[in-house]
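Taking it in order: structure first as structure tokens, then the write-up.
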Amino acid sequence: MNKIAVILAAGKSSRFASQTTKLLQKIGDQPIINRVVDAAIRAYYSPILVLGHQREEIFNVVETAYRGYSKYVIQFVQRGTGDALAMALPLLDQSGFTLVLNGDSPLLTAQLLLEFTTFYQENHLELATISAVAPNPYGYGRIVPTAEKGFIIVEEKELTSSQRDIKLINGGIYLFANAFLHKHLPLLVEEKSSGSGEVNITDLFAIGANFRLSMGHHLAPINRVAGVNNLEQYVEAQNILTKEQLR
């Protein structure tokens with residue numbers, strides 16, 4: 001079975017104060033996007049990159065380092081992470097499963113992806129995410145338990161006052177059964193297209209909980225899943241990598 005990793009790399013980096021997309025900023029000796037592609041390849045996944053903003057520049061950087069490893073699709077209008085994933089849906093088999101990664105997760109490791117894959121397979125799941133405990137969870141989606149061992153992911157702007165105290169956060173790294181994606185993702189995109197709201201990948205977990213599907217979350221260190229949305233987080237990621245290299 002060919003294992004596919006869809007890497008979401010279409011966003012405009014609106015919170016990053018630079019004319020160049022954050023995905024092309026270097027952490028250590030590699031651009032952020034290449035660190036994610038490298039982790040996927042080392043975990044034996046074949047990458048599909050969803051490109052949009054500055055797509056030619058990202059394509060050139062990835063192909064220079066990993067020529068021939070990846071396929072590419074384009075999200076012409078940025079309508080959320082779920083819509084971005086839908087761009088890659090025609091390239092996914094009806095069977096098997098797909099890993100979904102954010103392109104701005106430079107501290108991700110192949111080892112974590114291998115552990116996550118084992119967790120997913122051994123527990124016979126249909127959808128899963130990586131979770132982490134965040135001392136300061138502000139800005140992250142929270143994992144909120146539901147009945148029958150399921151859970152939903154509630155984004156920061158939608159949290160109730162009691163949910164804001166939850167420190168178990170969504171790490172933005174997912175595994176989905178392809179059959180689940182082919183059945184539910186097009187319907188989700190169609191439903192959202194009638195309004196002005198974005199289509200988010202986290203919406204899929206509400207569907208999983210509603211249908212009481214087999215789902216789970218794999219706990220990881222917060223440093224492995226932290227993304228880079230602004231300059232402060234970029235500097236923090238640089239510092240974490242430097243400390244790890246000095247050990």
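Among the candidates 24, 92, the residue that is surrounded by 13 or more Cβ atoms within 10 Å (Cβ to Cβ), over 23 Å from residue 222 (Cα atoms), in contact with a strand residue (DSSP E or B) (Cβ under 8 Å, 6 or more places away or on another chain) and not small (Gly, Ala, Ser) is uniquely 92.
Residue-by-condition table, conditions (1) within 23 Å of residue 201 (Cα to Cα); (2) under 15 Å from the mean Cα position of the chain (by Cα):
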site	(1), (2)
40	yes, yes
56	no, no
63	no, no
86	yes, yes
93	yes, no
97	yes, yes
101	yes, yes
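Among the residues making up the range 210-247, those that are among the aliphatic types (A, V, I, L, M) and either modelled with pLDDT under 95 or in contact with an Asp or Glu (Cβ under 6 Å, 6 or more places away or on another chain) (or both) are 213, 222, 225, 226, 228, 231, 235, 237, 240, 241, 246.
Is one or more of the residues making up the range 147-154 more than 19 Å from the chain's Cα centre (by Cα), surrounded by fewer than 22 Cβ atoms within 10 Å (Cβ to Cβ) and hydrophobic (A, V, I, L, M, F, W, C)? Explain how you work it out, then say what you get.
Residues of the range 147-154 more than 19 Å from the chain's Cα centre (by Cα): 147-150.
Among the residues that remain, those that are also surrounded by fewer than 22 Cβ atoms within 10 Å (Cβ to Cβ) are: 147-150.
Applying the additional criterion that residues be hydrophobic (A, V, I, L, M, F, W, C) yields 147.
For the range 147-154, residues more than 19 Å from the chain's Cα centre (by Cα), surrounded by fewer than 22 Cβ atoms within 10 Å (Cβ to Cβ) and hydrophobic (A, V, I, L, M, F, W, C): present.
This table checks each residue for (1) crowded, with 23+ Cβ neighbours inside 10 Å; (2) within 17 Å of the chain's Cα centre (by Cα).
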{"site": "166", "(1), (2)": "no, no"}
{"site": "171", "(1), (2)": "yes, yes"}
{"site": "178", "(1), (2)": "no, yes"}
{"site": "187", "(1), (2)": "no, no"}
{"site": "198", "(1), (2)": "no, yes"}
{"site": "204", "(1), (2)": "yes, yes"}
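Scanning the range 165-179 for residues that are assigned to a helix (DSSP H, G or I) and farther than 23 Å from residue 103 by Cα, which turns out modelled with the highest pLDDT? By that ranking, first place goes to 179.
For residues that are farther than 22 Å from residue 114 by Cα, surrounded by 12 or more Cβ atoms within 10 Å (Cβ to Cβ) and over 14 Å from the mean Cα position of the chain (by Cα), tally how many sit in the range 213-234.
The first filter runs over the range 213-234 and keeps only residues farther than 22 Å from residue 114 by Cα, leaving 213, 228-234.
In the following step, the residues that additionally are surrounded by 12 or more Cβ atoms within 10 Å (Cβ to Cβ) were identified as 213, 228-231, 233-234.
Still in the list and also over 14 Å from the mean Cα position of the chain (by Cα): 213, 230-231, 233-234.
Qualifying residue count for the region: 5.
Condition check ((1) at positive phi; (2) charged (D, E, K, R); (3) at pLDDT below 95; (4) touching a strand residue (DSSP E or B) at 6+ places or on another chain (Cβ under 9 Å)) across all residues:
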residue	(1), (2), (3), (4)
116	no, no, no, yes
122	no, yes, no, no
130	no, no, no, yes
136	no, no, yes, no
141	no, no, yes, yes
145	no, no, yes, yes
150	no, no, yes, yes
157	no, yes, yes, no
161	no, no, yes, no
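Scanning the range 57-106 for residues that are without any contact (Cβ under 8 Å) to a residue 24 or more places away in the chain and either touching a Leu at 6+ places or on another chain (Cβ under 7 Å) or under 21 Å from residue 32 (Cα atoms) (or both) yields 59, 60, 63, 64, 67, 68.
Would you tally the residues in the range 60-70 being part of a helix (DSSP H, G or I) and buried (at least 16 other Cβ atoms within 10 Å of the Cβ)? Before you say what the answer is, go through the steps one by one.
Within the range 60-70, the first condition is being part of a helix (DSSP H, G or I), and the residues that meet it are 60-65.
Among the residues that remain, those that are also buried (at least 16 other Cβ atoms within 10 Å of the Cβ) are: 61-62.
Qualifying residue count, the range 60-70: 2.
Looking at the range 1-52, which of the residues that are outside any loop (DSSP other than H, G, I, E, B) and among the basic types (Lys, Arg) is modelled with the lowest pLDDT? If we take residues in the range 1-52 being outside any loop (DSSP other than H, G, I, E, B) and among the basic types (Lys, Arg), then 22 is modelled with the lowest pLDDT.
Please go through the range 78-89 and give me each residue that is of a type outside the set (Gly, Ala, Ser) and either out of contact with any strand residue (DSSP E or B) (no Cβ under 7 Å at 6 or more places or on another chain) or in a helix (DSSP H, G or I) (or both), ordered by number. Quick ask: steps written out before the conclusion?
Start the filter on the range 78-89 by keeping residues that are of a type outside the set (Gly, Ala, Ser), which leaves 78-79, 81, 83, 85, 87, 89.
79, 81, 83, 85, 87, 89, listed by residue number.
Here the condition is being under 30 Å from residue 30 (Cβ atoms), surrounded by fewer than 21 Cβ atoms within 10 Å (Cβ to Cβ) and among the aliphatic types (A, V, I, L, M); of 99, 114, it holds for 114 alone.
The values are calculated or read from the model by the stated rules, or taken from the named source; none is laboratory data. Note that the coordinates shown come from a computational prediction; the quantities given were computed from them, not determined experimentally. Because the Cβ atoms are built from the backbone with ideal geometry, glycine has one as well, and the counts that use them run over all protein chains shown.
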